[in-house]
10 protein chains.
Amino acid sequence: MAESEQDRIPGRYGFDEIASSHLEAWPNSYQDRDYVTHFEIPEFTCLCPRSGFPDFATIIVDYVPDASVVELKSLKLYINAYRNRQISHEASANAILDDLVTLLSPRWMRVVGDFTVRGNIKTVITTEYARPEYQGPRPALTRYLPAIG
Amino acid sequence: MAESEQDRIPGRYGFDEIASSHLEAWPNSYQDRDYVTHFEIPEFTCLCPRSGFPDFATIIVDYVPDASVVELKSLKLYINAYRNRQISHEASANAILDDLVTLLSPRWMRVVGDFTVRGNIKTVITTEYARPEYQGPRPALTRYLPAIG
Amino acid sequence: MAESEQDRIPGRYGFDEIASSHLEAWPNSYQDRDYVTHFEIPEFTCLCPRSGFPDFATIIVDYVPDASVVELKSLKLYINAYRNRQISHEASANAILDDLVTLLSPRWMRVVGDFTVRGNIKTVITTEYARPEYQGPRPALTRYLPAIG
Amino acid sequence: MAESEQDRIPGRYGFDEIASSHLEAWPNSYQDRDYVTHFEIPEFTCLCPRSGFPDFATIIVDYVPDASVVELKSLKLYINAYRNRQISHEASANAILDDLVTLLSPRWMRVVGDFTVRGNIKTVITTEYARPEYQGPRPALTRYLPAIG
Amino acid sequence: MAESEQDRIPGRYGFDEIASSHLEAWPNSYQDRDYVTHFEIPEFTCLCPRSGFPDFATIIVDYVPDASVVELKSLKLYINAYRNRQISHEASANAILDDLVTLLSPRWMRVVGDFTVRGNIKTVITTEYARPEYQGPRPALTRYLPAIG
Amino acid sequence: MAESEQDRIPGRYGFDEIASSHLEAWPNSYQDRDYVTHFEIPEFTCLCPRSGFPDFATIIVDYVPDASVVELKSLKLYINAYRNRQISHEASANAILDDLVTLLSPRWMRVVGDFTVRGNIKTVITTEYARPEYQGPRPALTRYLPAIG
Amino acid sequence: MAESEQDRIPGRYGFDEIASSHLEAWPNSYQDRDYVTHFEIPEFTCLCPRSGFPDFATIIVDYVPDASVVELKSLKLYINAYRNRQISHEASANAILDDLVTLLSPRWMRVVGDFTVRGNIKTVITTEYARPEYQGPRPALTRYLPAIG
Amino acid sequence: MAESEQDRIPGRYGFDEIASSHLEAWPNSYQDRDYVTHFEIPEFTCLCPRSGFPDFATIIVDYVPDASVVELKSLKLYINAYRNRQISHEASANAILDDLVTLLSPRWMRVVGDFTVRGNIKTVITTEYARPEYQGPRPALTRYLPAIG
Amino acid sequence: MAESEQDRIPGRYGFDEIASSHLEAWPNSYQDRDYVTHFEIPEFTCLCPRSGFPDFATIIVDYVPDASVVELKSLKLYINAYRNRQISHEASANAILDDLVTLLSPRWMRVVGDFTVRGNIKTVITTEYARPEYQGPRPALTRYLPAIG
Amino acid sequence: MAESEQDRIPGRYGFDEIASSHLEAWPNSYQDRDYVTHFEIPEFTCLCPRSGFPDFATIIVDYVPDASVVELKSLKLYINAYRNRQISHEASANAILDDLVTLLSPRWMRVVGDFTVRGNIKTVITTEYARPEYQGPRPALTRYLPAIG
Ligand SMILES: [Ca+2]
Ligand SMILES: [Ca+2]
Ligand SMILES: [Ca+2]
Ligand SMILES: [Ca+2]
Ligand SMILES: [Ca+2]
Ligand SMILES: [Ca+2]
Ligand SMILES: [Ca+2]
Ligand SMILES: [Ca+2]
Ligand SMILES: [Ca+2]
Ligand SMILES: [Ca+2]
Ligand SMILES: [Ca+2]
Ligand SMILES: [Ca+2]
Ligand SMILES: [Ca+2]
Ligand SMILES: [Ca+2]
Ligand SMILES: [Ca+2]
Ligand SMILES: [Ca+2]
């Protein structure tokens, strides 16, 4: 039987849900097509492995599912769990790719970590997985430089 | 004989038109060319299959017609009819593609469902159909990441 | 004792929460100051009283609380409840103002309904309440016309 | 009894509706408040009185109703009727103001005609009406000049 | 001998110039190169073949001339002449392509009709001509979807 | 009797029209209202009085006419005539104001000269005239600084 | 004697600096003027008091100093220290105002907390302090609604 | 007799011009009007007094001249001269104001220093001078917060 | 020996420098790489060959140098020299390409002339040169059409 | 043992860190993938080799690491060290590429120097390195020209 959200322990259930969460896969009902799912997750934060100061990023995931798709709420909680981890820019993008590839065995996947400026330098990491035989879409994610005008 | 729009039952005819609508095909007068029709439909809404809460999206359709084009008003009513359906992000984009391909037998078609943020995550589904022998245009629909500027 | 969100009846609890919701007031801990709370709610939809076709708007609320502030989740459910109501642009903005003034007895409040285009015309309704003796902030919400450049 | 829109004479009813249209007033249900209705009508076109060549503009109307509000479809048809009239920039903005003030007797009204470039010059006409005793809102419609940045 | 523009019949010459205009070709002085001319014509308007109501579009033409280029003023008058024609979105883009290809026998040409929203749906038609042996530039005209930022 | 534009001496009539032009006033048909006409003229160019190198600006004029309005084509030719004049940023904005005030005796007028960067510095001159008793509108032309966002 | 940043304990000094930090005041060298300092701090994050889930905001501070200005690094560490606190939107904006007013005794100060969307609603809190006799600048921080165009 | 720019010592004359430069005043030919000159200088850089690391800013000056205007090239060289100075954000904005007021004795002047982010915090200093009796224009330089749209 | 810029004849040296200028080539120190230099020159103006009225454009040059690069100041003066020439849109873009190819013998070059609107039509000319055997970069310069968003 | 940042010599340590800095390489933990790291460094400044006046640029680096990645703080100090060097646009972009290729032996690298306007011309240098056998990603960095719209 269902209970309302109000029954959850005030001030606690977010911690509990994040602590006990694990990425969940659901069946993909459209396996006959190479369709692309694109996620943008603007509220990623972790801690710098060198200084302990907070880092912030938007994480962008594009993938072509095979038998499984990722469950959206479990993905949110998985991202939330980076909040107290000390991890570099390169490692966080590659670790998210590794974890999602392990879970989903997708046909193709790309993860982008678009970090805010540190030391006057902005860093963006782009990392990609494809099955060796993959021939489907790999949609461009272009950075542009505006012309005068 | 025609009657003005004012003759329609006040407060009712929209419901009736949506309920009785079906996608309509019209003949394509320019079958000798692989030209592209692009639709943007910013007022898609449906209900989440898990929670029942409303979801919102812009639906973008690009296609190269063969013998038929879709009638614009019937497309609008078809989109309106999702308002009370419980359907996932992946399913709505793929279902729109299936229904339009069945109706039109186009040479090529792509459907994008660009959904608003849920659980701090934005989702965009892109799904595509092409006849096996199709060699015509497949116009890019790029997402961009702005550079510092 | 709390139960997780997963215990709620699949596909049902959103309907139930919207149906049983009512606007809730919480105490304002900073009554000594005339501070402003600004809400932007981009997912308002209702039905046209004349045709029954859907309308879409962003609702913007600015207010200076007195003894009470509005609880955020109850505000979301209150807005969700317009989905199946037939109501005009003018009436929806003024009704939201009336309901929130009744609930909160604020020092000052302004409601804007920024509707999408209908019949090639975009409509925005702005309506405001102030206690007769109110002298506090009324932050501008300017529409701009870009110059050539 | 209502008939569907499909019963209207194909290719004709738009001409007929524009030709027979007249601005219509509806009662204002919120006369106790000085609320503002803002319309943006981006598809205004008329003919230059000097050359006969077409002119294009966005018409922007802001007003505080008294006993009456303008009916939206009659406003659209009224604007459509300028398509074959030869009228200057200044005269079209002032004529729209005159016609709407005559119809509605509003507390306050402002009409902007934001015309596209002619002879390398962009022209915008802003004209306003207020009852002598009017003390209510006159929302700013600012043009901005972007700073370097 | 030349007369000034002021000698033209006041209020008439625009009608006359549009009525008597025909697309004009001029010689191309740079036939040794496959260079591209791009035109943007934001003031296209015609009438809906179904309703008679006005439609609005930006017409975009890209082409690689062979022996001839189109004369700019004759192109403007040709576009003006659609104002009172009832023609569909698909037909207007394809007819402009047909007329310009007939006039110029270009190496390559693309016409885009970028129409304003009707029935909550925006439509863009893209249609293209190339000589069978053409190998020159076909510059992309990308639509973009902004990422979260 | 009118002759077409084609009768004008090829390659010459622009020079002649600019050389012989003078600002022209037309009667204002709406003298009972303090309405505002806003012009943006993005193609102003003159020569630096110090170096002789070209300068470029957008000229923006806002005014409230009294008995007269400025004729648009004569204003264009008047602006064209600065092309070969050596004049400073401050002097060109103030001279345009002086000439238009002399011609029109307006109730209020403001001229802005928004010049492109020279020596890494962008300069904008804003100068204004008002009759001593003037109480009408003086619409703001705000420069903004974007916040982080 | 100074040591380089490299001497700090790897992976630790950020935690230590945040834990031991306190807001610091420095003397204001320009007390004779009412000048304004504006800070934008886009990397504020705290925890929701109800759920424990993370919240994100840009904090904007404007103030007119009297005898003291706030030291920039101590302000950064003070903001960092909210990362593990459970605090509401209203309370965080008002608490930052309280703490900075206590530290600096400024002539005037305004704090804005511009939070990201939660439950489909964006919230912005604006709270302000002024000495009773303060007559100096209070620079506007306008939200705008873009017009069609 | 004039010599060309090419006669200047290669690689040296910029240093020399900056080292020997001093702010220069020229007579104001339009003293009868309170007109505003606005400068934007996006290439200001200095050194942090605490660390010695470089800082970057756009400097914005608005002023109403009295008998004198500032000569543009001398202003550029004056700004260039900050490149090797160690000076705080507050001091650089106030020092530029002091130097220009001393030089020009203007009726009114405002200086803004809009600095790039340091320590995740963006700082903008706004400081202003006016003669006690000054009643002329003080054009707003608004920061805006974009609404959802 | 060098003289300062102040020695140049006041009001004259710009004319002289433009009149006596010629495009200058400098040696390319990085001939081992196919690197791209991109120039944007927003202040191009010439005269219409038909009417004598002024035309305005941004000229964009991309090229891969071989033995020579163009000297920047000589390029500026070369562009300045078009101010009093009567030349069509097509001819100016192709002539700039011809002159720079003759001067530099580059590996690859593209010139774009992006002209302002004339007769309600905007024109952009793109013309390109490549050595027959060239295989290096040809960076895209995309025009985009914004999607609804 | 670590000392706090406060122990560094006030006003000196930035100079010392820049003077003694050298680019540092760290091991790449994800050598099995061709992932891309993108840096944007908006605060590059150097001195013109011809005049000695300051130049400003944003430097953009994209690379696919092999055994090593660049340490971020050493990259910042390396960029800081250009402040007092006289170096041309072409040389600075190519020198940064040379230095980073020497340090990292990457699989692929591209450096862009996006300089601010000088002599009314904006210059962007793009230079690239790839191992002969490299087949991995080379992400596009497109400049766009906005269409009318
Ligand atoms: Ca790192
Ligand atoms: Ca889903
Ligand atoms: Ca910028
Ligand atoms: Ca209504
Ligand atoms: Ca622009
Ligand atoms: Ca007129
Ligand atoms: Ca159609
Ligand atoms: Ca943003
Ligand atoms: Ca000057
Ligand atoms: Ca709250
Ligand atoms: Ca526009
Ligand atoms: Ca400081
Ligand atoms: Ca031409
Ligand atoms: Ca939007
Ligand atoms: Ca150079
Ligand atoms: Ca637009």
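For the reader, a short list of remarks on this structure follows.
- Residues of the range C:108-136 that are free of Cβ contacts under 8 Å to residues at least 40 places away in the same chain, under 30 Å from B:F44 (Cβ atoms) and out of contact with any Lys or Arg (no Cβ under 9 Å at 6 or more places or on another chain): C:V117, C:K122, C:T123, C:I125.
- Within the range I:79-98, the presence of at least one residue that is more than 16 Å from ligand 11 (Cβ to nearest atom), buried (at least 20 other Cβ atoms within 10 Å of the Cβ), charged (D, E, K, R) and on the phi < 0 side of the Ramachandran plot is confirmed.
- Screening H:D32 with (1) in a strand (DSSP E or B); (2) more than 21 Å from J:K76 (Cα to Cα); (3) acidic (D, E) gives one miss only, at (1).
- Of the strands (runs of 3 or more DSSP E) entirely within the range D:43-149, none holds at least 1 residues that are within 16 Å of ligand 7 (Cβ to nearest atom) and within 24 Å of D:E24 (Cα to Cα).
- If you go through the range J:107-143 and keep only what is at the interface with another protein chain (Cβ under 10 Å from one of its Cβ atoms), open to solvent by 20 Å² or more (accessible area, probe 1.4 Å), over 17 Å from J:F39 (Cα atoms) and of a type in the set (A, V, I, L, M, F, W, C), you end up with just J:V117.
- Listed by first and then second residue, the pairs with beta-carbon distance under 8 Å, at least 6 apart or on different chains, first residue in the range C:17-34 and under 19 Å from G:L97 (Cβ atoms) and open to solvent by less than 90 Å² (accessible area, probe 1.4 Å), second small (G, A, S) and in a loop (DSSP other than H, G, I, E, B), are C:N28/C:A67; C:Q31/C:A67; C:D34/C:G136.
- Flag if B:Y13 is in contact (Cβ under 8 Å) with a residue 24 or more places away in the chain, more than 27 Å from E:Y129 (Cβ to Cβ) and within 14 Å of chain C (Cβ to nearest Cβ): no
- For B:L47, the test of being in contact with a helix residue (DSSP H, G or I) (Cβ under 9 Å, 6 or more places away or on another chain) and aliphatic (A, V, I, L, M) is passed.
- Flag if H:D66 is under 20 Å from H:T126 (Cβ atoms), away from ligand 12 (no atom under 16 Å from the Cβ) and surrounded by fewer than 20 Cβ atoms within 10 Å (Cβ to Cβ): no
- Single condition A:P49 does not satisfy, out of (1) modelled with pLDDT of 95 or more; (2) open to solvent by 40 Å² or more (accessible area, probe 1.4 Å); (3) under 26 Å from G:F53 (Cα atoms): (1)
- Residue match in the range C:92-107 (condition: touching a residue at least 40 places away in the same chain (Cβ under 8 Å), of a type in the set (D, E) and under 22 Å from H:L145 (Cβ atoms)): no
- Of residues in the range H:39-68 being aromatic (F, W, Y), within 18 Å of H:V112 (Cα to Cα) and more than 10 Å from the chain's Cα centre (by Cα), the one nearest to the other protein chains (Cβ to nearest Cβ): H:F56
- The set of residues in the range I:16-38 being over 20 Å from I:Y134 (Cβ atoms), of a type in the set (S, T, Y) and away from chain F (no Cβ under 14 Å) consists of I:S29 alone.
- Residue tally, condition within 12 Å of chain E (Cβ to nearest Cβ) and either in contact with a Cys (Cβ under 6 Å, 6 or more places away or on another chain) or farther than 16 Å from E:N120 by Cα (or both), over the range B:69-98: 1
- Cβ separations smaller than 6 Å between residues 6+ apart or across chains give no pair from the range I:69-81 residues that are within 16 Å of ligand 4 (Cβ to nearest atom) to residues that are assigned to a helix (DSSP H, G or I).
- Residue check for B:F44: in contact (Cβ under 8 Å) with a residue 60 or more places away in the chain and surrounded by fewer than 20 Cβ atoms within 10 Å (Cβ to Cβ): no
- Some residue of the range D:76-94 being farther than 30 Å from C:C48 by Cα and within 11 Å of the chain's Cα centre (by Cα): yes
The values are calculated or read from the model by the stated rules, or taken from the named source; none is laboratory data. This is a predicted model, so every value here is computed, not measured. Quick reminder, even Gly has a Cβ in these numbers, built from the backbone with ideal geometry, and neighbours come from all protein chains shown. For accessibility, only protein heavy atoms count, side chains too; no ligands or nucleic acids. Shrake-Rupley method; radii C 1.70, N 1.55, O 1.52, S 1.80 Å.
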